[in-house]
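Worksheet: one structure, shown below.
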Amino acid sequence: MFLEPHFKGQRSGWIEVVCGSMFSGKTEELIRRLKRARIAGQTIEVFKPKIDTRYADEKVVSHDENFFLAAPIAQSAAILKVADTVNVVGIDEAQFFDLQLVDHVQELANRGKRVIIAGLDMDFRGIPFGPMPHLLAVAEYITKVHAICSHCGNLATHSYRLDDAQATVVLGEKDRYEARCRNCYGMGNILNLH
Ligand code: ZN
């Protein structure tokens, strides 16, 4: 389990990334860290891409319905407007942001803020998703969380799309995606035929 580094007296901030497949608990982990920061008396601001409207518009909501208020923003540059008094910046669904997010979170960390980012590391094709591989490269702390493969019960790292739509961004829930391990992901839709 991730434990917060001791930040008293530290001048610069840092970047944490929580990544994994769908249903791996990324947002739950983001919310857990934000709650602990709030208990520690830290000032928090949370952002998410405007594209993610699966649930309430201004909330970061996990699958188990835990939530935090979040500002939906269309461009990653909007996070730079965060007030100087904010200690912790949370970002959910970071895979949907533009690549400039990488520079912007570094600027926030340089300004002394703790930045906690959650996002899908791979899209449904198994390809690194949007700015995520770059964020992983520049982060001080990385946590990869795993779902459970819905076919064999091993740790799942892949998001398998059940329909055949080809767009990279298809928002959906359990009716459209499954978490799968590497082996079951490679078996494709054979697993859904019986
Ligand atoms: Zn499996």
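Among the residues in the range 81-91, are any surrounded by fewer than 22 Cβ atoms within 10 Å (Cβ to Cβ), touching a Pro at 6+ places or on another chain (Cβ under 9 Å) and of a type in the set (A, V, I, L, M)?
No, the range 81-91 contains no residue that is surrounded by fewer than 22 Cβ atoms within 10 Å (Cβ to Cβ), touching a Pro at 6+ places or on another chain (Cβ under 9 Å) and of a type in the set (A, V, I, L, M).
In the range 43-56, which residue that is surrounded by fewer than 16 Cβ atoms within 10 Å (Cβ to Cβ) and touching a strand residue (DSSP E or B) at 6+ places or on another chain (Cβ under 6 Å) is modelled with the lowest pLDDT? Spell out how you get there, then give the answer.
Let us first name the residues in the range 43-56 that are surrounded by fewer than 16 Cβ atoms within 10 Å (Cβ to Cβ), namely 43, 50-51, 53-56.
Next cut, touching a strand residue (DSSP E or B) at 6+ places or on another chain (Cβ under 6 Å) only: 50, 55.
Details: K50: 91, Y55: 54.
Of everything passing the filter in the range 43-56, Y55 is modelled with the lowest pLDDT.
Six or more apart or on different chains, Cβ under 7 Å: which pairs go from a residue in the range 15-33 that's over 13 Å from L135 (Cα atoms) to one that's in a helix (DSSP H, G or I)? Could you list them?
Short answer, once both residue conditions are applied: G20/K26.
In the range 94-194, which helices (runs of 4 or more DSSP H) lie fully inside it and hold 2 or more residues that are exposed (fewer than 14 other Cβ atoms within 10 Å of the Cβ), modelled with pLDDT of 95 or more and within 16 Å of the ligand (Cβ to nearest atom)?
182-186
The values are calculated or read from the model by the stated rules, or taken from the named source; none is laboratory data. In this text, all values refer to a predicted model and were calculated from it rather than measured experimentally. Virtual Cβ from ideal backbone geometry, glycine too; neighbours counted across all protein chains shown.
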